[in-house]
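Notes follow once the structure below has been shown.
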Amino acid sequence: MNEAFGANSEDSLRLLLVQAEQVLMSALEKFGIKEEQAEFIQISDHITYRVSARSGGKFLLRIHPVSADVPAIRSEMMWLNWLSSQGLPVPEGVADQEGNTVAICEADRSQGWPVTLLRWIEGEQAEGGLDDRQVYRMGVLMARLHQAAQSFVPPEGFVRPEWGAASLTEDMQRLERRHRAFLSSDEWELYVQAADLIKGRIAAWPPGPSRYGMIHADLHEGNVVFKDGEPCPIDFGRCGFGYYAYDLAQALIGLYPAQRSMLLDGYESMRLLPKESVSMLETFFLQAVLENQAFHAGNPQEIPSLKEQKGYILSAIRSYLAEEPFLFPAK
């Protein structure tokens, strides 16, 4: 099942793929790309293809749902191109032949589908988890992203989501409808208490230029490729406004406890974290965990994994509610 495209059966999925092929051909024409090969990658929040052009260029082509927010997609492309102009190794957006970074393409004269084209980022994902050096370099990368964000002035019409107390409220409403598949009523009550405390602490921490700005918002190891030992961020589909500490907390989720300090060491080699940001990492870490569970709880295939994870998460929640540290190992 794919919620973004409404493909909830095998038949609807097959129809979607047929339409996607038609949109792909229309998009390549609009972007002036004569392809040598177009390789289907996956269907998630968008349908993606890796396109190799006859000219030698490689691209990521994304087909967005018809209902997608075009101004928000266009703003993502503005942000990527800004980061590229600052020397960061990001997937730069490509304009079509009319100068549009979001092309509207049809499938068999149906309604228009938003399509974006990005330059392919060469590199390999880490196999078997990140090693210590990769974690440190990832911290350096995040500091560079946040440094660039501090000098970014959103142009008129720039629209991206905000990640904070309001977005957590929405995720908890979603999780409330889905939690019974893997949580008891008592366990859910702990989740609710933690979410209320998280929202209160975020509300009490006003945003400022040193702690808040445009962020990737999903920079885990699956959204980083390595080239010549250096990390390159990919998949900015969730980028928006938020606390830099929240961005870091998202990256901490997939790391071993002993590696978490290494990420911060790499970060602070380039950009010092305000002391209060470190104390907020556990708040943002749990926010990110709850958001992640709200997203995956809608997929029945993810329920076994959620059941396996809940022991650790409940332990972290209990520590958080008792104001006992849990994120970094005791020294």
Please enumerate the residues belonging to segment 236-285 that are surrounded by fewer than 22 Cβ atoms within 10 Å (Cβ to Cβ) and either touching a His at 6+ places or on another chain (Cβ under 7 Å) or among the acidic types (Asp, Glu) (or both).
Ile253, Gly254, Asp265, Glu268, Arg271, Glu276
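Could you list, in sequence order, the residues of segment 110-142 that are closer than 15 Å to Tyr244 by Cβ and touching a Leu at 6+ places or on another chain (Cβ under 9 Å)? If you could, list the steps in order and put the result at the bottom.
Quick first cut of segment 110-142, residues closer than 15 Å to Tyr244 by Cβ only: 138-142.
Correct list: Met138, Gly139, Leu141, Met142.
For (1) among the acidic types (Asp, Glu); (2) assigned to a loop (DSSP other than H, G, I, E, B); (3) in contact (Cβ under 8 Å) with a residue 24 or more places away in the chain; (4) closer than 30 Å to Pro91 by Cα, each residue gets a yes or a no:
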| position | (1), (2), (3), (4) |
| --- | --- |
| Leu248 | no, no, yes, yes |
| Glu276 | yes, no, yes, no |
| Gln293 | no, no, yes, yes |
| Lys310 | no, no, yes, no |
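Condition (residue is part of a loop (DSSP other than H, G, I, E, B), farther than 16 Å from Asp196 by Cα and within 19 Å of the chain's Cα centre (by Cα)) applied to segment 315-328: is it met by at least one residue? Give the derivation first.
Here is the first cut: in segment 315-328, the ones part of a loop (DSSP other than H, G, I, E, B) are 322-328.
Narrowing further to those that are farther than 16 Å from Asp196 by Cα: 324-328.
The next check asks that each one be within 19 Å of the chain's Cα centre (by Cα); those that pass are none.
No.
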Test: residue in segment 43-66 that is more than 30 Å from His146 (Cβ to Cβ), aromatic (Phe, Trp, Tyr) and surrounded by fewer than 19 Cβ atoms within 10 Å (Cβ to Cβ)
no
Taking the stated definitions as given, is Leu286 assigned by TED's automatic domain parsing to the domain that holds Leu141, at pLDDT below 95 and of a type outside the set (Phe, Trp, Tyr)?
no
Only unsatisfied item for Ser55, checking (1) more than 30 Å from Arg137 (Cβ to Cβ); (2) modelled with pLDDT of 95 or more, is (2)
Of Ala195, Ala107, the only residue that is modelled with pLDDT under 95 and crowded, with 16+ Cβ neighbours inside 10 Å is Ala107
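The values are calculated or read from the model by the stated rules, or taken from the named source; none is laboratory data. Being a predicted model, the structure only gives us computed values, none of them experimental. Note that we place each Cβ from the backbone using ideal geometry, even for glycine, and neighbour counts take in every protein chain shown.
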